[in-house]
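The structure appears below as structure tokens.
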Amino acid sequence: STVSKGSLKASLLQLECHFTWTLLKEHVGLEALEETILDHIKFVADCNIKDYNILSYVCHLKNSNEEALRNLRKAEEAIQKHHPGEIDRRSLVTWGNYAWIYYHMQRYEEAQSYVSKVENSCKKLSSGKIQLPEIYAEKGWALLRFGRNYFERARNCFENALKSEPNNPDFNAGYAVSMYRLEDCAEKYGGQRTPCLDALKRAVELNPKDTTILALLALRLQRFNRGNEGERYIEEGLQKTPDFPVFLRHAANFYRKKGEVDKAVEILKKALALTPNSVVLHHQLGLCYKVKIVQLKKRRYTPQEAVENLIQLAIFHLKTVIEKKPVFFSAYSDLGNIYALGKRYEEAEEIFQEVLQRNDLPYDDKQEIYFNYGNFQHFHKKSESKAINYYIEGLKIAEYSCGRKKCSEAVEKLLKQKIESGLGDAKDIATLGLVHKLNGKKQEAIEYYKEAIDLDPSNEEYQNALVELQLSI
């Protein structure tokens, strides 16, 4: 019997699995994501069904469908081992992925047989559509793996799962992690704040063994100037899981933010020995070395050789990040800043230009990079005019973000200093007008343009800008 491709596709779209959750590969570095999942399987041995399911999807995205099938077989083995009494219920996502992978391999009979398995199981479980809480949760965990564009959706998934089982430890953990990530993003990029402290505390109570959540709780407490309280959790975690890389990474982050950089480096090196390909660890080490470089440069007698050595290390780690995960955009600024600290200005220019020319650069990352590039021009290249131009490029992107706010503050401060010291000219005053205009402060902008015209009456550009502003009020 031949399967009709059209009706098969329609059935496939009804399935709940990684292929229908719109997880887009342009938001992740596939190599980095694969490493993360493999590390997770290696260090969280209790039950890896979710890991094998998402790994099968990542393998498919990397065009290795045979490898994808191998991972689904591993998921099936884990289901039989951990949930022998609930094979049907626990296999829905795995079977859905099977169906899609066979479909992509043009093995339509096999794809259809898995679609049928799912449909029959759903009938048995008496839910026509697949709305089981653990499927919501698995979707939530998958969304978290695909980065910040997905955190909002992840939180919604865990909220849905919790409606059925409010005390489920795994659902509470996922909910707390997604809340933490959302709040972290709101601070980095601007946006709605969602306090996550309560969610983290509840998740810690329900998951006494999970030191990842313990560490996130500690980092959150530290953020609210309750670092001593936080550090007790970090120390507890170091006792419980001294060799768990994900925990170690958060612990190192805690100590770096506390100002104990050497301790952070020591912990990161230990974690990197356990998971040598972890992009996040390489990035964190790069940041630690940057702090150490800046500290050494502040000394009266700068030990040049030590600085040079740290610069080499930082460059090595940050280059590794970008190679393994080309969409880790903040790492480009970090690398540019390290080149600048080493007076390697051409390489700094190159890295800033390279990332600004990417067409997949999100607006808030772009604003943050313009801010860093402006700082590079201002403080390293000593070119105020170029710095002003780059800060303004960041401002021209209208959406609000923390990076935009930094561009705005930097360019205003720079222009006002210039004007107040008597070095400013009509162009600087008009530029200040432009800054206010871009920030929606039209009345102030008008005043600055009028002042600029007083100094340079024949300038048509200023006159046009003024007329345009007056008409828009």
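The values are calculated or read from the model by the stated rules, or taken from the named source; none is laboratory data. None of these values were measured; they are calculated from a predicted model. We place every Cβ from the backbone using ideal geometry, glycine too, and count neighbours over all the protein chains shown. Calculation scope for accessible area: heavy atoms of the full protein, side chains included, ligands and nucleic acids excluded. Shrake-Rupley method; radii C 1.70, N 1.55, O 1.52, S 1.80 Å.
Remarks
- Each Lys and Arg adds +1 at its Cβ and each Asp and Glu adds -1 at its Cβ; summed about the Cα centre, the range 134-259 shows a dipole of about 480 debye.
- Rounded accessible area per residue of the chain, 1.4 Å, Å²: 48 Å²
- Pair residue 42, residue 131: separation of 7 Å Cα→Cβ label points (nm): 4.2 nm
- Length added when fully stretched, residue 258-residue 316, from 0.36 nm per residue minus Cα-Cα: 18.4 nm
- Between residue 66 and residue 25, the FRET efficiency estimated from the beta carbon spacing at R0 = 25 angstrom works out to 0.85.
- Extension gain, residue 296 to residue 86, is 69.6 nm, computed as 0.36 nm per intervening residue step minus the present C-alpha separation.
- log10 of Debye I(q)/I(0), alpha-carbon scatterers only, for the range 32-142 at 0.11 Å⁻¹: -0.34
- Charge sum, other residues only, whose C-beta stays under 11 Å from residue 463's C-beta, Lys/Arg counted +1 and Asp/Glu -1: -3
- Most to least packed among 379-386, 410-417 [average Cβ atoms within 10 Å]: 410-417, 379-386
- Listed peptides 98-111, 328-341, 59-72 by packing density, highest first (mean Cβ within 10 Å): 328-341, 98-111, 59-72
- For the set 441, 209, 418, solvent exposure ranked by accessible area (probe 1.4 Å, protein chains only) runs largest to smallest as 209, 441, 418.
- Counting Lys and Arg as +1 and Asp and Glu as -1 over every other residue whose Cβ lies under 15 Å from the Cβ of residue 259, the net charge comes to +4.
- Peptides 352-361, 113-122 ranked from most to least packed, by the mean per-residue count of other Cβ atoms within 10 Å: 113-122, 352-361.
- Carbon plus sulfur fraction of accessible area for the chain, probe 1.4 Å, in percent: 49 percent
- Mean residue ellipticity, 222 nm, helices only, the chain: the sum of -39500 (n - 2.57) across DSSP H runs of n ≥ 4, divided by residue count and rounded to 500, is -24000 deg cm²/dmol.
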